[in-house]
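A.B. asks: Please find one structure pasted underneath; my questions will follow.
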Amino acid sequence: MNSLGIGLIGTGFMGKCHALAYGSVKAVFGDVPDIRLEVLCDVPADKADAFADQFGFARATATWQDLIADPKVDIVCITTPNKVHKEMALAALEAGKHVHLEKADGADAGRCPSDAGGFGTDRREDHCRLQLPAQSGD
């Protein structure tokens, strides 16, 4: 695999962090596939256009379904509010995309598959606040 196409859904604080991080993968890790910033999704469309330009994505959309359907997108990075993770993640997995989730799947860990084994793809979660009592169960 020579390169991986990234589709980013959401441009809040963590979406911006992920856009910057994906843009730096090669510099940080060296011998890895090239990262192509393919599609950025947010609403309204003019916001998506502005952020795509700001972070170097090839194009923008206001429709997450269009991002998932794009054949140039290999990895769908979801940085939206938790309540919409399930629908987006399952649609991406069903489309054969790898899924990268920011935060947990929501308050109910059973809302989304804990692994993507049945889809032949990968699903990864970031948990940047595991020590917070609200998220660690303490």
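A.B. asks: Assuming 0.36 nm per residue, please report the length gained on full extension of the stretch A27 to V84 beyond their Cα-Cα distance. Mind showing how you got there, number by number?
C.D. replies: Working: separation 57, 0.36 × 57 = 20.52 nm, distance 3.21 nm.
Length gained, A27 through V84: 17.3 nm.
A.B. asks: Rolling a 1.4 angstrom probe over the protein heavy atoms, how many square angstrom per residue are accessible across the range 1-78?
C.D. replies: Numbers: 3970 Å² over 78 residues.
Using a 1.4 Å probe on heavy atoms only, each residue of the range 1-78 averages 51 Å².
A.B. asks: State which entries of K26/K47; K26/K86; K16/K47 exceed 21 angstrom in Cα-Cα distance in the structure shown. Provide the component values of the computation, followed by the final result.
C.D. replies: Details: K26/K47 27 Å; K26/K86 30 Å; K16/K47 13 Å.
Over 21 Å apart, Cα to Cα: K26/K47; K26/K86.
A.B. asks: Rounded to the nearest percent, how much of the accessible area of the range 1-76 (1.4 Å probe, protein heavy atoms only) is carbon and sulfur?
C.D. replies: Values: 2290 of 3970 Å².
Here carbon and sulfur together make up 58 percent of the probe-accessible area.
A.B. asks: Something else: If we sort 76-83, 51-58 on the protection proxy, mean other Cβ atoms within 10 Å, highest first, what's the order?
C.D. replies: Details: 76-83: 20.9, 51-58: 16.9.
The most tightly packed comes first, giving 76-83, 51-58.
A.B. asks: Separate question: Within 10 Å, count the other beta carbons around each residue, average over each peptide in 24-34, 87-97, and list them highest first.
C.D. replies: Details: 24-34: 9.9, 87-97: 19.2.
Per-residue mean Cβ counts within 10 Å order the peptides as 87-97, 24-34.
The values are calculated or read from the model by the stated rules, or taken from the named source; none is laboratory data. All of these numbers come straight from a predicted model, not from anything done at the bench. Positions of Cβ are backbone-derived with ideal geometry, glycine not excepted, and every protein chain shown enters the neighbour counts. Remember, those area values only see protein heavy atoms, side chains included, never the ligands or the DNA or RNA. Shrake-Rupley method; radii C 1.70, N 1.55, O 1.52, S 1.80 Å.
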